[in-house]
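Below is one structure, written out as structure tokens; comments come after it.
The values are calculated or read from the model by the stated rules, or taken from the named source; none is laboratory data. What you see is a predicted model, and the numbers here were worked out from it, not measured in a lab. Cβ atoms come from the backbone with ideal geometry, glycine included; neighbour counts cover every protein chain shown.
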């Protein structure tokens, strides 16, 4: 099992992501954004969190033109599995690989805390180890996590089971920290090989750090 | 030639910054403000004299990078 992790100038979660996947037994490689290829043995490509290009212009807007992104698009088209976490989710929406966009949080604050999430659809490789309705506790840390999609797009997400996770309280009742449409925290594409979420499962791998609910999420990708 | 590009959130997309500024104006007793929308202005200095060509180029820049057309509209002024 090989996990390739993208690194742009300003990415800062690549080593946490590497540590998380290696703790699950995967081999990992960090790929600098200037690379025009991704390793051919890649089983999962992760676009890690951080502040690529300082979030200049819009979060993820400049990263989408990095040399490596052509290879990422080609990999996506071939059905390769891609996971975008936080800034990685923003990059994937900017690149048009995932639907919607991430706006400034409704109350304009940077939010950094553990937040509960409800599993909306486990009919995909990412969340296959969880059940629909399960509640997980995963850290969020973002300024631009306010997911927006228009009504037509939202209907499509619902019809295809593309809404992965929504924000909730510990009992599973809807609780929206950032203004996201329908409290959406993560989505996938229609073909269910590209996944994006604002919360950080790679920061929830050990109970001593507050939660190990990220283990069951990332394990979904493991062979 | 210069191109002045104004990028703003589409009508119907909630502008949280605009809302916060509207509240602040209210609290300063500027009560005649009905709505506030905040955008950004990008000024490009072009080495192009053909207005039509410049407009076509800048439109492409907006579509590809300067605006995220999922949530934003843009207006281009050439001066």
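Below is a table of values for the structure above.
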item: Scope the stretch A:53-70; condition away from every other protein chain (no Cβ under 14 Å) and modelled with pLDDT under 95; matching residues; result: A:54
item: Pair list, Cβ < 6 Å and 6+ apart or interchain, from the stretch A:143-164 residues that are away from chain B (no Cβ under 14 Å) and at pLDDT 95 or above to residues that are surrounded by fewer than 17 Cβ atoms within 10 Å (Cβ to Cβ) and in a loop (DSSP other than H, G, I, E, B); result: A:160/A:190; A:161/A:123
item: Number of the exception - residue A:177 against (1) within 16 Å of the chain's Cα centre (by Cα); (2) within 22 Å of residue B:15 (Cα to Cα); result: (1)
item: Every residue from the stretch B:43-69 that is at pLDDT 95 or above and touching a helix residue (DSSP H, G or I) at 6+ places or on another chain (Cβ under 6 Å); result: B:46
item: Selected residue (criterion: surrounded by the most Cβ atoms within 10 Å (Cβ to Cβ)) from residues of the stretch A:75-109 that are more than 13 Å from chain B (Cβ to nearest Cβ) and without any contact (Cβ under 8 Å) to a residue 40 or more places away in the chain; result: A:75
item: Which numbered condition residue A:126 misses (of (1) surrounded by fewer than 22 Cβ atoms within 10 Å (Cβ to Cβ); (2) at pLDDT 95 or above; (3) more than 25 Å from residue B:64 (Cβ to Cβ)); result: (1)
item: Qualifying residue in the stretch A:38-60 (condition: free of Cβ contacts under 8 Å to residues at least 40 places away in the same chain, touching a strand residue (DSSP E or B) at 6+ places or on another chain (Cβ under 6 Å) and part of a strand (DSSP E or B)); result: no
item: Every residue from the stretch B:22-63 that is under 21 Å from residue A:104 (Cβ atoms), touching a residue at least 12 places away in the same chain (Cβ under 8 Å) and surrounded by 12 or more Cβ atoms within 10 Å (Cβ to Cβ); result: B:22, B:36, B:37, B:38, B:39, B:40, B:42, B:62
item: Residue pairs meeting the criteria (Cβ under 6 Å; at least 6 apart or on separate chains; first surrounded by fewer than 15 Cβ atoms within 10 Å (Cβ to Cβ), in the stretch B:64-79; second outside any helix (DSSP H, G or I)); result: B:75/B:6; B:77/B:4; B:79/B:2
